[in-house]
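K.L.:
Handing you a structure now.
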There are 2 protein chains.
Amino acid sequence: MPDPEGHPAPEEMDLRTVLHALADPLRYQVIAALAAAPENTERTCASFALPVSKSTLTHHFRVLRESGLVQQVDRGNSRMAALRRAELDARFPGLLDLVAANQPLDH
Amino acid sequence: MPDPEGHPAPEEMDLRTVLHALADPLRYQVIAALAAAPENTERTCASFALPVSKSTLTHHFRVLRESGLVQQVDRGNSRMAALRRAELDARFPGLLDLVAANQPLDH
């Protein structure tokens, strides 16, 4: 079962759900940035400077969280997002490498 | 440039476009079936028995064709679809293996 915040366990991750999460250009941009960043990088949602409202931003991170792509955690007053790299690499080998190698050109 | 039927050249294939094409459950089902089939398998669109109208079926295969996932070719009276396996493997290594390894459970 997903945890109370909606993070699925690795065995609950579904490739189609992950691909759907990645199919949105803004969400793809977030994952491509995290996949190219050093391991264990944590960033706030706002740090990605996506051109959307706060509620839309919240929606996009919920989709990312519920697909299993990112883990969100509170650090003091900040909510941080990190790629679930090790679990994703184990569950869907090569997927994050593909995303890291195919950075969006239009951002 | 894509050919007159909308097939992109390998260097024109875009991972986000491919992921978008795969994010639909019916299109995923088609690609998962082709990815698990012997190399150079050609099938008619109708052979996938998708529960949609002919115009919707045509739409889904257009999305698959324009993303680069499938090649469509006329054989006599039949229009056949085949996975562009070699080109996809070269362009996005591991992607089709992931899809073949993650068959839909609900079909």
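The values are calculated or read from the model by the stated rules, or taken from the named source; none is laboratory data. Because the structure is predicted, anything quoted here is derived from the model rather than measured. Don't worry about glycine lacking a Cβ; one is built from the backbone with ideal geometry, like all the others, and counts go over all protein chains shown. For the accessible areas, the whole protein counts, side chains as well, though only heavy atoms, and no ligand, DNA or RNA atoms are used. Shrake-Rupley method; radii C 1.70, N 1.55, O 1.52, S 1.80 Å.
K.L.:
Any idea which of A:52, B:98, A:98 is furthest toward the positive side of the dipole for the protein assembly as shown, if Lys and Arg beta-carbons carry +1 and Asp and Glu beta-carbons -1?
P.N.:
Farthest towards the positive pole: A:52.
K.L.:
Sticking with this one: Take every residue in peptide A:22-34, count the Cβ atoms of other chains within 10 Å of its Cβ, and give the average of those counts.
P.N.:
2
K.L.:
Give me the orientation-averaged projected area of the Cα convex hull of chain B, in nm², one decimal.
P.N.:
Averaging across all directions leaves 6.6 nm² for the Cα convex hull.
K.L.:
Note down the accessible area of residue B:45, probe 1.4 Å, to the nearest 10 Å².
P.N.:
Ignoring ligands and nucleic acids, residue B:45 comes out at about 20 Å².
K.L.:
Under the rule a/c < 1.5 gives rounded, and otherwise a/b versus b/c splits prolate from oblate, where does the protein assembly as shown land using the Cα gyration tensor?
P.N.:
prolate
K.L.:
Still on this structure, I have one more. Is there a simple number for the mean count of other chain Cβ atoms within 10 Å of the Cβ of residues in B:13-21, and what is it?
P.N.:
Whole-number average of other-chain Cβ neighbours for B:13-21 is 6.
K.L.:
If you count, for every residue in A:66-73, the Cβ atoms of partner chains within 10 Å of its Cβ, what is the mean?
P.N.:
Mean partner-chain Cβ count within 10 Å for A:66-73: 0.
K.L.:
Going through segment B:32-67, which GluC sites (Glu not before Pro) have at most 16 other Cβ atoms within 10 Å and a DSSP loop state?
P.N.:
The qualifying sites are B:39.
K.L.:
Moving to a separate point now. Would you work out what percent of the accessible area of segment B:10-99, with all protein chains in place, is carbon or sulfur (probe 1.4 Å)?
P.N.:
51 percent
K.L.:
Where the label is 7 Å out from Cα toward Cβ, how close does residue A:89 come to the same position in every other copy, in nm, shortest first?
P.N.:
Here the equivalent label points are 2.4 nm apart from this one.
K.L.:
Determine the dipole magnitude for segment A:10-99: charges of +1 sit on the beta-carbon of Lys and Arg, -1 on that of Asp and Glu, nothing else is charged, the reference point is the Cα centre, and the result goes in debye to the nearest 20.
P.N.:
For segment A:10-99, the charge dipole is close to 360 debye.
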